[in-house]
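Undergrad: Sending over a structure as structure tokens; questions will come in a sec.
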Amino acid sequence: MGLFDFGKKKKESDAIDTSLLPGQIAAANTLELKDIIAPSALKVTPKEIYLGDKIMRSFFVISYPRFLGESWFAPIINLDKVFDVSIMIHPVETAKVLKQFQKKVAEVQSQISAREEKGLVRDPMLDTAYQDLEQLRDNLQQAQEKLFDVGLYISIYADTGEELDKTESEIKSILESQLVYVKPALFQQEQAYRTIMPTGTDILEVHSKLNSSPLSSIFPFVSFDLTSEQGILYGINRHNSSLILFDRFSMENYNSVTLAKSGAGKSYATKLEILRTLMFDTEVIVLDPEKEYEYMAEAIGGRYFNISLTSEHHINPFDLPPAGEDESTSAILRSNIIQLVGLFRVMLGGLTAEEDAIIDRAITETYALKDITPDADLTNVEPPLMSDFELVLSGMEGGESLAQRLSKYTRGTWAGFINKPSNVDINKKFVVFSLRDMEDELKPVAMYIVTHYIWNAVRKQKKKRLLVIDEAWWMMKSEDTASFLLGLAKRGRKYYLGMATITQDVDDFLKSPYGLPIITNSSIQILLKQSPSSIDQLQQTFHLTDEEKYLLIESSVGEGIFFAGLKHAAIKIIASYTEDQIITSDPSQLLAIERAREELENSVQ
């Protein structure tokens, strides 16, 4: 019986029409795509069409000005409304057009001659028409231009008639301000609807003749706006000069990634974002490997910590945050032990599985020496130091060699860095940790310790915070530091933390197994000027077109592409004079500022 099982015999009155074969019955009950996408009801009136709950009204362009600007259609494309645009282009045979042009030129020329014979004043409109016709005829003959019959149709949608009238008025005012006039398709709404549909059928056939140059200006290859109602100004949209306004804390996660070659303006762009973010009650913490944020911290009253072997600022990696409302002491202790095992893996240049287990047990016993157990109250505990851990490790079987390798951090030249109680207070709106004076060998260790300390402070109290990690490629060198960075990107949202990752070494960042996951866990990505050696990998990672690829290679300083979710646009980063004086990294500008400051101090004295 095919797809049907009719079961027991039915009464004659209930019987199925046996004139239909089983295959015909199945075909009659098959659900097709058009049944799914079609509106529940359709009503056509002279002025509009009712498509289910929506109302649609269609228009066609009837007149264009003598000249069409380059982006005259961009305001319509960027309009924040629901509408469809259909551009129907029908090529016209050049030979046929030239014959018509010959007649038209002769007509206009005879009218000019007749006016001259009668002694009338010259008509500027006739003269202009004659010049335009002659120029167009020459371009057509030389194959520099082609002629087309062009139909431009627009359909707008709304929930109510009032909303539809408002949208119509807005579109008309935009177009008429550029001397482009439209008419509603009265008594032709159904034909207009069929024309607008993506079937490529021009049923309305309301055409204007346009040559190649003005026709190219209609094509909607323009960028849409990346402007939201709240947030900070990231830059200017290079395609349409609109503002790129965004609030990272309104997206699904609060993270961003900035990739650029050295000198492309990535730190400048980040400082500008920091300066503007601080105005919106957000705390900002910066990891600064190159001492680029010192002047900025001083100028806006922030706190600046210089982390080095001889620094007066210390961070104890054994510090523990107090337990929060939704966290137990055992969970915090277990998490901290895992982070410390990762730290020792970085410090000691890797661990075997046996050494890993010994380190894990030694950390637990070190905390126990200070009465820190899974059941303890962490509010007023005194955390152990690195020397306490070394003592425990040296007394354990198999721990002597590990304690020997660790001695340079407790008694050697590096002891002053991490073998002291923490004396760093980050209770300030803007805090910078500078690592420039730290030895290169120790920078990954220092970045791991500082970010771990910041993470504990973030978990201690939820606040709107932004963590900026400049030159993140330092942390991508080690698997443990890179893994910790990815953990911050994934878990930060829970604690109202956004992470801004910045790097100039794009190849090292993307080659790391943690590089791409960090990018995919960032709602905002900013690509500034790139080097040709890394652009192919970036093109593959971000699915860039060839045009976008070359745009990134040829961009100037502070120019690139801004990604926010699925949207992206070409961006130019612009700062005011005052902002520029605070955030500049240009050595010549910094020297000029320093000289001005010295002159001011000397004049005061």
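Undergrad: Mind telling me which of the residues Q530, Q525, Q537 ends up being touching a helix residue (DSSP H, G or I) at 6+ places or on another chain (Cβ under 9 Å), over 30 Å from D356 (Cβ atoms) and surrounded by fewer than 16 Cβ atoms within 10 Å (Cβ to Cβ)?
TA: Q537 is the lone residue from the list that is touching a helix residue (DSSP H, G or I) at 6+ places or on another chain (Cβ under 9 Å), over 30 Å from D356 (Cβ atoms) and surrounded by fewer than 16 Cβ atoms within 10 Å (Cβ to Cβ).
Undergrad: Could you say whether any residue in region 382-402 is in a loop (DSSP other than H, G, I, E, B), buried (at least 19 other Cβ atoms within 10 Å of the Cβ) and modelled with pLDDT of 85 or more?
TA: Yes, region 382-402 has at least one match.
Undergrad: Name the single residue, out of those in region 197-229 being modelled with pLDDT of 80 or more and over 22 Å from V92 (Cα atoms), that is farthest from the chain's Cα centre (by Cα).
TA: Across region 197-229, the extreme among qualifying residues is M197.
Undergrad: Could you figure out which of (1) more than 29 Å from V44 (Cα to Cα); (2) among the basic types (K, R); (3) outside any helix (DSSP H, G or I) isn't true of K104?
TA: (3)
Undergrad: In this structure, is Q100 assigned by TED's automatic domain parsing to the domain that holds N211, surrounded by 10 or more Cβ atoms within 10 Å (Cβ to Cβ) and farther than 20 Å from S208 by Cβ?
TA: The answer is no for Q100.
Undergrad: Then there's this: Scan K370, K428, K408 and give me the residue that is of a type in the set (K, R), surrounded by 15 or more Cβ atoms within 10 Å (Cβ to Cβ) and touching a helix residue (DSSP H, G or I) at 6+ places or on another chain (Cβ under 9 Å).
TA: Going through K370, K428, K408 in turn, the sole match is K370.
Undergrad: Check whether at least one residue in region 348-367 is more than 36 Å from the chain's Cα centre (by Cα), under 30 Å from E292 (Cα atoms), not acidic (D, E) and not assigned by TED's automatic domain parsing to the domain that holds K494, and report yes or no.
TA: Yes, region 348-367 contains a residue that is more than 36 Å from the chain's Cα centre (by Cα), under 30 Å from E292 (Cα atoms), not acidic (D, E) and not assigned by TED's automatic domain parsing to the domain that holds K494.
Undergrad: Output the qualifying pairs, or none if there are none: Cβ atoms under 7 angstrom, residues six or more apart or on different chains, first residue in region 82-96 and touching a residue at least 60 places away in the same chain (Cβ under 8 Å) and closer than 30 Å to T167 by Cα, second residue among the hydrophobic types (A, V, I, L, M, F, W, C) and part of a loop (DSSP other than H, G, I, E, B).
TA: Between residues of region 82-96 that are touching a residue at least 60 places away in the same chain (Cβ under 8 Å) and closer than 30 Å to T167 by Cα and residues that are among the hydrophobic types (A, V, I, L, M, F, W, C) and part of a loop (DSSP other than H, G, I, E, B), the close pairs are I87/I218.
Undergrad: Might you check whether a residue that is at pLDDT 85 or above, in a helix (DSSP H, G or I), hydroxyl-bearing (S, T, Y) and crowded, with 17+ Cβ neighbours inside 10 Å occurs anywhere in region 554-561?
TA: No.
Undergrad: Kindly evaluate Q461 against the criterion of being under 22 Å from A269 (Cβ atoms) and of a type outside the set (D, E).
TA: no
Undergrad: Report yes if some residue within region 475-490 is buried (at least 18 other Cβ atoms within 10 Å of the Cβ), of a type in the set (A, V, I, L, M, F, W, C) and part of a strand (DSSP E or B); otherwise report no.
TA: Among the residues of region 475-490, not one is buried (at least 18 other Cβ atoms within 10 Å of the Cβ), of a type in the set (A, V, I, L, M, F, W, C) and part of a strand (DSSP E or B), which makes the answer no.
Undergrad: How many residues are touching an Asp or Glu at 6+ places or on another chain (Cβ under 8 Å) and without any contact (Cβ under 8 Å) to a residue 40 or more places away in the chain when one looks only at region 404-422?
TA: 2
Undergrad: Something else: State whether one or more residues within region 424-438 are under 24 Å from L486 (Cβ atoms), in contact (Cβ under 8 Å) with a residue 60 or more places away in the chain, in a helix (DSSP H, G or I) and in the same structural domain as K494 (by TED's automatic domain parsing).
TA: Looking through region 424-438, none of the residues is under 24 Å from L486 (Cβ atoms), in contact (Cβ under 8 Å) with a residue 60 or more places away in the chain, in a helix (DSSP H, G or I) and in the same structural domain as K494 (by TED's automatic domain parsing).
The values are calculated or read from the model by the stated rules, or taken from the named source; none is laboratory data. The model shown is predicted, which means the values in this text are computed figures rather than measured ones. Please note: Cβ atoms are built from the backbone with ideal geometry, for glycine as well, and neighbour counts cover all protein chains shown.
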